[in-house]
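First comes the structure, then the notes that go with it.
The values are calculated or read from the model by the stated rules, or taken from the named source; none is laboratory data. Everything numeric in this text was worked out from a predicted model, so none of it was measured. FYI the Cβ positions are ideal-geometry reconstructions off the backbone, even for glycines, and counts take in every protein chain you see.
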Amino acid sequence: MKDFVLYCKSYRHDFLRLKRLLSSIQRFNSDHLPFYISTPKSDREALINILGNDGSYIWVADEDIVMANPKASIQKYQALTGNLSQAIVKSEFWRLRLAQNYLCLDSDCVFIRPFSKSDFMDESGVPYTVLHQNKEYFQLAINRGKASVESNLRAEAQRVQSLFGRAGPMFFCAPAPFIWSAKVWESLDEEFLQSKGITLWDLITPEHPETLIYGEALLKYRAIPLIAIEPLFRVYHYDWQYYLMRRIGETQEKLQSNYLGVIYQSNWESNLSLNGNNKSLPSRILKSIKRLLRYLQSYL
């Protein structure tokens with residue numbers, strides 16, 4: 001078992017984004033950390049067609065991750081929506097016992113400078129944990145008249161916090177990528193899930209996201225020492241945020257002093273969707289007009 005690896009759970013629609021991520025890993029992976037990619041078995045041929053098969057990544061099947069949990073159900077995996085099954089599969093990757101810790105990447109992540117294992121764990125092998133209160137992002141949203149961004153995320157955090165009976169400040173473990181420890185996920189299984197007779201497939205829902213569950217499990221059961229760090233990547237959650245940051249001078253080159261990478265949200269990067277933009281012409285025109293208005297709003 002390796003002490004640290006990179007991992008991305010992807011699917012056919014995101015393979016062009018995944019190709020961009022792989023290219024950035026090949027360029028900046030100073031310690032040559034192994035990179036695992038999981039997809040449904042049915043997507044493997046498309047994956048090889050887009051990424052090649054040159055040994056730059058190690059493929060595993062989503063179905064093998066699902067079945068590594070003896071209480072999981074392939075039928076349940078197949079019945080869930082893509083976003084929800086993806087969240088659970090990447091949270092169950094530890095069950096393959098390939099690594100003690102892993103950096104869980106999304107397909108729309110891009111590294112922008114060299115990175116090594118020391119960016120993710122200390123010399124004794126303790127992984128860092130992204131844990132913060134999201135104040136900068138909340139304030140930005142309030143300043144731009146997007147108060148619902150804060151209220152929605154706080155409500156989400158409160159729901160998960162209440163599952164574990166913890167009082168006190170709200171903490172967030174996002175955005176991606178996430179540094180996850182198998183010990184934390186295992187403690188959640190042994191201390192919480194088994195006592196309730198459920199699995200992660202029952203616990204993770206749109207109302208109870210996996211990122212918050214991981215953080216609360218760590219705070220509750222202390223499976224590893226908590227060494228908190230701020231987010232590893234700059235994420236542009238919305239195009240209005242991207243336009244505003246660009247207008248005040250933020251560039252990829254400047255981000256390199258504080259961030260390992262950047263995330264451009266896939267929902268407004270349709271040109272990198274494998275099947276292209278299938279929306280009607282009027283819908284695309286309306287979307288472009290709205291985006292132009294948000295761009296102009298960044299000057300107000």
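When the range 33-52 is filtered for residues that are aliphatic (A, V, I, L, M) and touching a strand residue (DSSP E or B) at 6+ places or on another chain (Cβ under 6 Å), the ones remaining, listed by number, are Leu33, Ile37, Leu47. Give the residues of the range 1-15 that are at pLDDT below 95 and among the hydrophobic types (A, V, I, L, M, F, W, C), sorted by residue number. Residue satisfying the conditions is Met1 alone.
Where in the range 1-104 are there helices (runs of 4 or more DSSP H), lying wholly inside it, with at least 3 residues that are under 15 Å from the mean Cα position of the chain (by Cα)?
Correct list: 15-28, 82-91.
The set of residues in the range 207-219 being surrounded by fewer than 18 Cβ atoms within 10 Å (Cβ to Cβ) and within 21 Å of Asn69 (Cβ to Cβ) consists of His208 alone.
Annotation: of all residues in the range 234-258 being basic (Lys, Arg) and loosely packed, with under 13 Cβ neighbours inside 10 Å, the one that is farthest from Val130 (Cα to Cα) is Arg247. When the criteria are applied in full, Ala217 fails the requirement of being part of a loop (DSSP other than H, G, I, E, B) and in contact with a helix residue (DSSP H, G or I) (Cβ under 8 Å, 6 or more places away or on another chain). Apart from one condition, Ile48 fits all of (1) modelled with pLDDT of 95 or more; (2) surrounded by 15 or more Cβ atoms within 10 Å (Cβ to Cβ); the exception is (2).
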